[in-house]
Structure formats: C-alpha cells, structure tokens
1. Looking only at segment 244-259, which residues are open to solvent by 10 Å² or more (accessible area, probe 1.4 Å) and either within 7 Å of the ligand (Cβ to nearest atom) or modelled with pLDDT under 95 (or both)?
2. Give just the number: which of (1) within 14 Å of the ligand (Cβ to nearest atom); (2) in contact with an Asp or Glu (Cβ under 9 Å, 6 or more places away or on another chain) does residue 26 not satisfy?
3. Between a first residue in segment 68-86 that is at positive phi and a second residue that is of a type in the set (Val, Ile, Thr), which pairs have beta carbons less than 7 Å apart while being 6 or more apart in sequence or on different chains?
4. Can you tell which of 230, 249 is in contact (Cβ under 8 Å) with a residue 24 or more places away in the chain and in contact with a helix residue (DSSP H, G or I) (Cβ under 6 Å, 6 or more places away or on another chain)?
5. Looking at (1) open to solvent by 10 Å² or more (accessible area, probe 1.4 Å); (2) within 16 Å of the ligand (Cβ to nearest atom), which is the one condition that is false for residue 157?
Amino acid sequence: MSTLVSAHAKVSRRAARFTESVIREMTREALKHGAVNLSQGFPDFAAPEAIKEAAARAIAADINQYAITWGAKDLREAIRDKVQWYLGLDVDPEREIVVTCGSTEAMIAAMMATVDPGDEVIVFEPFYENYGPDAILSDATPRYVPLRAPDWHFDRDELRAAFNDRTRAIILCNPNNPTGKVFTREEMEFIAGLCVEHDVLCFSDEIYEHILYPSEGRTVEHISMAQMEGMRERTVVINSMSKTYSVTGWRVGWAIAPPEITNAIRKVHDFLTVGAAAPLQAAGAVALRMPREYYAELQAAYQCRRDFMLGALRTAGFGFTDPDGAYYVMTDITPFAHLGHADDVEFTRWMVREVGVAVVPGSSFYFADHARELGGDRQVRFCFCKTDATLTAAAERLATLGQR
Ligand code: PLP
C-alpha cells in the first residue's frame, strides 16, 4: 500500500496536467453498454486484402528484426513516389522522411525536435485531442484560435493576433478532425503568409488527405501546407497508413520535413521508439504503391457513408454543417435541450446508456472552459468510418430520439 501511495506521489507535473483520452474512454463505455460505437475513429470493416497479404508475406520472409530506425528504404521510396503524384512535391527519401509509430508519434517527435520551453504553438480550436498533451509533453505553450461553428471559419484578425515573437509553430489539421472542415486555398494562403512573415513552422496533420467530399458545383481539394509558397522549408507534413488504408492498429506513420528538421526528428524518434514494426513497413511499401483507383474507390465509399450518416442525423434532429472531409461530423445538440441534459458530457453518457450510440462530447476538443465560451458544451462528434450494418443500427437507434 505504502509503495502505491509513494509511487502515486511521484507522478510528474507534466503527466498530471492531462487526463486520459476521452475518445478512447468512450470506446470502453460503448463496449460496456453494448452501444454502437461512433466515438473513436477506427474503421470496423476489413483492410485491403493486398496489404494484409503483404504483411503476412513479410513476416513469413522473416522481415522480423529492427528496420532502419528512420524507416525501411522501400517504404521511404514508396512515400516519395506517392507524395510526388498526389501532392506534386519532390522529397528526398534519404534526408527528408522519418517513418514513425503512427502519425501520433510523428507529431510528438516533430514537436520535441523543434520546440523549446516557452515557445508558443498555435492550435485551431476545436482540435484533435492529442495536440493538447503533445504541447505539454514538448514544453510548448499552446495558443488557441477558434474555428467557429456552424461553418468552422476562423477570424483572420484573431489568427494574426496569435502570432508574436514567441510563436514557434502552428498545428494545422487539414482535412480537419473534429469539424470536417477542409481549408480553402485562400485560407491556406493567409496562414502560409503569416508563417513566412513570422518565420514560423507548420506541423501539418494530413492523415485524412484522401477522404474528401466534393459535390456538384462545390470543389473540395486537398492542399498540403508544404505546397504553399515559402512553406516547403518550414512545414513538417505528418501522415500515416491508419486512415487511408484502414489499418489504425498497425501504427505506421511518417513525417516529411527539410533535412535539418528531419535529422532532429530522427534522433527523437530513435530514442522514443527505435522504429515502427518492420513487417508492417514492408506492407506499407505495397500499400503506398496501390493503383490510383484505390483512392477513388476509398473516397466514393466514404461519400456513401457520409451521406447515409448525415441523413440519419438530420432525421434525428441534430444541427450540423456538412463535412467536406475526414470522417466525422460535429453536431449541435441544442435541438435536444428539452431533454434537460446539463451539457454535452451528460448528453453523451445518456446517449450511450439509453439510446445505445456512443459519441464523443464536444468539450473534449476544446481547452478547459473554452468549450463553454465557444459552444463546445453543446456539441457532440459522430464518426462514420463504419460498415453499412453499423451505420444502419446507429440510424435505427438515433431515429428514436425524435420520440423523446
Ligand atoms: N491525427 C488526427 C487528426 C487523427 O484524427 C488521428 C486519429 O484519429 C491521428 C492523428 C492518429 O493517427 P495515427 O493512427 O496515425 O497515430
């Protein structure tokens, strides 16, 4: 007992400053209550056969020892080729790529490699929840700039005012989790202009780059921050296999950055994890060389899931702006105010227990009481990277909301 108490007292100030992930907690809650899990963003459908077979072959061929710490050569070359065709960027696989354990590690390693204590990092809010602890673990001081509902725009003056002498970097998640926003070319130009003017880096989380929802008369394109004028030399592109190839459990991601920054990220990465799983890196090289139709099919399948989900949410009475990208929709729960729930957390707990659908409370994407100021305590996030059967079951349960 006394050992436990003294061990507890030794928890670092850093670790004490953040809580466990609400998203991953909701997954456990869903299991406990037998709810349909639309909280955590992982597909519940099969990964592509070709990739699974490549992984099995790699293990059978005894690619079972440490890979080169910054990534197997053929995977880095496959990343170079894919980035060349999709983003039109020339990347040197020997000097500008680090393969990591998911984009999660790529982000924290990039921040630890470039940010000094006291440096400020600008974060659009609501934000993917890892960025908060990432800032704490890398000693950065986060500075939040709101994306305002319902259309998730940012105020240019507010963003400009967030840049100052201490600003080291900005985190851009595009396409955006949790809002589904895809930043327009004009918005990207504005952000890039500020980064160049203030000599600031951009950590550009692009893991949803292939999940876009263009529609008739509405162009939605993925633009990498590294493509913007003056940004290639100051951008760390962060990406992974997780979402594009439906293998979130494989934990293979990467960072692309200019050589000097890549060097620093490689060192941090080496001592954090040594490297990502070698046989899965071999399968990654196959995945990144999939024919281009693969990406078109992925996008078309997500378009169907999104349209179905939005229909179900509309019928149930949620408010929202249609997402342009990623596989989430952040909804407004004020239409359910008559049910008497105090806030998004209470609403979410009731949903998982009584309606049988697990979602994520909006406030978990905001810093502390910013949720109340910005309306996050009246929002919940649904994810729709699920099979037809899962989405149909969710829709049936959500349909009962109208009768409550
Ligand atoms: N970045 C964003 C914006 C995400 O939504 C997620 C997962 O949901 C991640 C990073 C984590 O990705 P990975 O599995 O590559 O670590």
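The values are calculated or read from the model by the stated rules, or taken from the named source; none is laboratory data. None of the values given here were measured: they were computed from a predicted structure. Every residue, glycine as well, gets a Cβ built from its backbone with ideal geometry; the counts of neighbours run over all protein chains shown. We work out accessible area using only protein heavy atoms, side chains counted, and drop any ligands, DNA or RNA first. Shrake-Rupley method; radii C 1.70, N 1.55, O 1.52, S 1.80 Å.
1. Correct list: 248, 251.
2. Among (1) within 14 Å of the ligand (Cβ to nearest atom); (2) in contact with an Asp or Glu (Cβ under 9 Å, 6 or more places away or on another chain), the lone unmet condition for residue 26 is (2).
3. That search, which allows pairs on different chains as well, returns 71/97; 71/98; 71/99.
4. Exactly one residue qualifies, and that residue is 230.
5. Going through (1) open to solvent by 10 Å² or more (accessible area, probe 1.4 Å); (2) within 16 Å of the ligand (Cβ to nearest atom) one by one, residue 157 breaks only (2).
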